[in-house]
Amino acid sequence: MKPFRVLFVCMGNICRSPAAEGTFRHLLKLDGLEKHILCDSAGTIDYHTGAMPDARMRTAARDRGITLGGAARQIQPADLDTFDLILCMDEDNLEYVQQMAGGRKHRARVRLFCEFVTDSDAREVPDPYYGGTEGFDEVMDLLEDGCSNLLEHIRKKAGLEAKVK
């Protein structure tokens, strides 16, 4: 069976999207699904290309037992054909990805990440970059909730079982 592929997208790919990727990878590993579901992250701008995730985001994730790694990259048109689902952190990034698609036929479904969030009425994952540490914790709350629901959604859609614990 071909793995299901998810791409998380924010603006710079140093806060929200790498934290979503790390959170989702953590859940996949716990459930033994890392070979069946793959994930990555990207940004809509290239300003931070090659940079590690923001230190404050890494700390907020580490405080929850989640490790963030990787290097920032910009989303490419080929990602629309590589991934099955592209989840954008806010409306601006959703619009960017939709414009990049330009109406052409592609494989990926492009949606807002918060469609999978159930513990909050947030429509977007706020950008914590210019705020204090509480913003990074708020982002992690949204990501943990949304990633859990996303995993359940994909598991049902693909007929995947969780690892027996």
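Derivation of every value follows stated rules applied to the coordinates shown; laboratory data play no part. None of these values were measured; they are calculated from a predicted model. No Cβ is skipped: glycine too gets one built from the backbone with ideal geometry, and neighbour counts run over all protein chains shown.
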Can you tell me what the convex hull of the Cα atoms of the stretch 48-94 projects to on average, as an area in nm²? 4.4 nm²
Long-range amide H partners of residue 8 with built H, under 5 Å: 40, 41, 42, 87
In debye, nearest 20, what is the charge dipole magnitude of the chain about its Cα centre with +1 on Lys and Arg Cβ and -1 on Asp and Glu Cβ, if you could check? 980 debye
Determine, from the Cβ-Cβ distance of residue 99 and residue 64 and an R0 of 35 Å, the FRET efficiency 1/(1 + (r/R0)^6), rounded to the nearest 0.05. 0.55
Here the FRET efficiency for residue 161 versus residue 47, based on Cβ atoms and R0 = 41 Å and rounded to 0.05, is 0.50
Along the stretch 71-80, Karplus-curve 3J(HN,Hα) (6.51, -1.76, 1.60; θ = phi - 60°) to the nearest Hz, with x for Gly and Pro, reads 10, 4, 9, 9, 4, 10, x, 4, 4, 5
Per residue and in Å³, how big is the convex hull formed by the alpha-carbon atoms of the stretch 88-140? 88 Å³
Can you give me the Rg/Rh ratio for the stretch 4-158, using Cα atoms for both radii and the Kirkwood formula for Rh? 0.93
Using a simple charge model, +1 on the beta-carbon of Lys and Arg, -1 on the beta-carbon of Asp and Glu, nothing else, what dipole does the stretch 29-73 show about its Cα centre, in debye to the nearest 20? 140 debye
Can you give the helix-only mean residue ellipticity at 222 nm for the chain, where every DSSP H stretch with n ≥ 4 adds -39500 (n - 2.57) and the sum goes over all residues, rounded to the nearest 500 deg cm²/dmol? -12500 deg cm²/dmol
Taking the number of other C-beta atoms within 10 Å as the exposure measure, put 96, 130 in order starting with the fewest. 130, 96
